[in-house]
Amino acid sequence: MFNKLKQLKAILADKDSENLGDFAILKSELFGAKFSPEVASKLQEVRGYHPPIDLEKLSQYPQGSFGREYADHMKVNSLKPFNVSSELEDVARRNVFALRYVITHDIFHVLLGFDTSYAGEIGVLAFAVEQNYSPSLKIGLWIAKWLYPILAPQQFKEIFSNLHKGRKLGRTAEFLLSYRFEEHWEDAITDLRKRLSLPPVKINS
């Protein structure tokens, strides 16, 4: 019990730090995050892999590049990347699924073309469920299907449209959770989507 309380104290301290990845993996360490042996095998490629993400640097990349699109998304939505401090390297290696899932979450938003509204969030969640990342995500999606239309009734149609779209994308795309996106910031985002078996994103006028 004492160790759990120490972990909880560390989680609360890291929630407001610059290293949001610390908060994510400490929370996972406390509550656990289950995933299948098949997913664990695929994630060996990114175990211990979490290079820092510098939004200022990425914002200098050319328009249309993956890094620039990601940086713009993060800044417009007042979001910070999930960077991890060196002190938590061992914890990060133990919690490769939890860490990779939170690091890639906003990347998925950009690549899949879902915004950060309730409708956009359910699209990303449905994609992750269809890619079979974790049983707990299926429970989360079931809850979201009932809760999000109540929280945002004006998005009712978009929520269920994105639910189906996310599932469809999840079935046709490559397994994205193990992809080293951080090595492709300079790539054209259209080329990256094509490489990952994702369709072009339509921009609403």
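The values are calculated or read from the model by the stated rules, or taken from the named source; none is laboratory data. This structure is a prediction, so every number in the text was calculated from the model and none was measured. Cβ placement follows ideal geometry from the backbone for every residue including glycine, while neighbour counts extend to all protein chains displayed.
Among the residues of region 155-178, write down those that are surrounded by 11 or more Cβ atoms within 10 Å (Cβ to Cβ) and either farther than 20 Å from residue 129 by Cβ or of a type in the set (A, V, I, L, M, F, W, C) (or both).
Listed by number, the residues that qualify are 156, 159, 160, 163, 169, 173, 175, 176, 177.
What are the pairs with Cβ atoms under 6 angstrom where one residue, in region 48-70, is at positive phi and modelled with pLDDT under 95 and the other, located anywhere, is surrounded by fewer than 21 Cβ atoms within 10 Å (Cβ to Cβ) and not in a loop (DSSP other than H, G, I, E, B)? Sequence gap at least six, or different chains.
Pairs found: 48/93.
Among the candidates 170, 113, 166, 120, which residue alone is touching a Phe, Trp or Tyr at 6+ places or on another chain (Cβ under 7 Å), of a type in the set (Gly, Ala, Ser), under 30 Å from residue 60 (Cβ atoms) and modelled with pLDDT of 95 or more?
Answer to the check: 120.
For the list (1) surrounded by fewer than 20 Cβ atoms within 10 Å (Cβ to Cβ); (2) closer than 15 Å to residue 70 by Cβ, I need the number of the one condition that residue 181 fails.
Residue 181 satisfies all of (1) surrounded by fewer than 20 Cβ atoms within 10 Å (Cβ to Cβ); (2) closer than 15 Å to residue 70 by Cβ except (1).
As an exercise: evaluate residue 186 against (1) within 25 Å of residue 66 (Cα to Cα); (2) surrounded by 13 or more Cβ atoms within 10 Å (Cβ to Cβ); (3) in contact (Cβ under 8 Å) with a residue 40 or more places away in the chain; (4) of a type outside the set (A, V, I, L, M) and give the number of the one condition it does not meet.
Only one criterion in (1) within 25 Å of residue 66 (Cα to Cα); (2) surrounded by 13 or more Cβ atoms within 10 Å (Cβ to Cβ); (3) in contact (Cβ under 8 Å) with a residue 40 or more places away in the chain; (4) of a type outside the set (A, V, I, L, M) is unmet by residue 186, namely (2).
Given the criterion farther than 29 Å from residue 188 by Cβ, modelled with pLDDT under 85, buried (at least 20 other Cβ atoms within 10 Å of the Cβ) and in contact with a His (Cβ under 9 Å, 6 or more places away or on another chain), identify the matching residue among 92, 98. Working first, answer last.
Details: 98 fails: in contact with a His (Cβ under 9 Å, 6 or more places away or on another chain).
After applying the criteria, what remains is 92.
If you go through region 22-38 one residue at a time, do you hit one that is modelled with pLDDT of 85 or more and closer than 25 Å to residue 186 by Cα?
The answer is no; no qualifying residue exists.
Give me the pairs: first residue in region 107-118 and acidic (Asp, Glu), second residue buried (at least 22 other Cβ atoms within 10 Å of the Cβ), beta-carbon distance under 7 Å, and six or more apart or on different chains, which are they?
none
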